[in-house]
């Protein structure tokens, strides 16, 4: 079974631009979560989607948004990029909500100049 | 807010020795804990989990201990190998911030 895939793997943007990242979960998984990883803050939860609905949200500004499609694929968008948005963005999928195991993708490395 | 956090940011271990990585959590109502391993250039990988109705759970060369009284979690790696060099995260359920993790370096 293929793992979680994320595209693109690397991205360079400038301040003020917007960016869209994509995540394809493991086949059959319906829950997708997004995390931001930085050296100083570690892994920070952004949001979780299940059956095309946002179920949980972390403490991030409204510039960070996401969505999930009927095939469970998910995208996250960051608008008006700031230097501090430079990070590794990780996507994780699981079969459902609750305390089941998450499987992470390799991440998208975003650099904001 | 609720949080989990690791005690030490770095741990250097001699190959063949046992490693112990510690983690504290603040939410006494938490009922599920997970340890992840993240190697360079990869996403976190599930190692082992434990539910709050257990004190100990063993996997292959790894053991997780849960002390609910002091809200402490530990991961023990037996006979540490070079391939164990990575960043280790503990997580409470799956949605909270994981913290910066503990970087384990194995010395040959």
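Bear in mind these aren't lab numbers, they're just calculated from the coordinates by the rules spelled out. As the structure is a computational prediction, the values presented were derived from the model and not from experiment. For neighbour counting, all protein chains shown are included, and Cβ atoms are generated from backbone atoms with ideal geometry for every residue, glycine included.
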Alpha-carbon Rg/Rh ratio, for region B:9-104, with Rh computed the Kirkwood way: 0.94
I want to verify the translational diffusion coefficient of region B:48-108 in µm²/s; compute it with Stokes-Einstein, Rh as the Kirkwood radius over Cα pairs, at 4 °C and 1.567 mPa s. 101 µm²/s
Short to long, in 10 Å steps from zero, the percent of alpha-carbon pairs of region A:66-113 per bin is 21, 45, 27, 7
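Against the empirical 2.2 N^0.38 Å scaling, what ratio does the C-alpha Rg of chain A come to?
Values: Rg = 13.2 Å, N = 113, 2.2 N^0.38 = 13.3 Å.
That works out to 0.99 for chain A.
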Using the per-residue mean of other Cβ atoms lying within 10 Å as a proxy for protection, in what order, highest first, do the peptides A:66-79, A:49-62, B:10-23 fall? A:66-79, B:10-23, A:49-62
Considering the protein assembly as shown, what Rg and Dmax in Å follow from its alpha-carbon atoms? 17.4, 50
What FRET efficiency would be calculated for the residue pair residue A:109, residue A:70, taking the C-beta separation as r and a Förster radius of 41 Å, to the nearest 0.05? 0.90
Can you compute the label reach from residue A:60? Point 7 Å from Cα along the Cβ direction, backbone N cut-off under 11 Å, restricted to region B:32-70. none
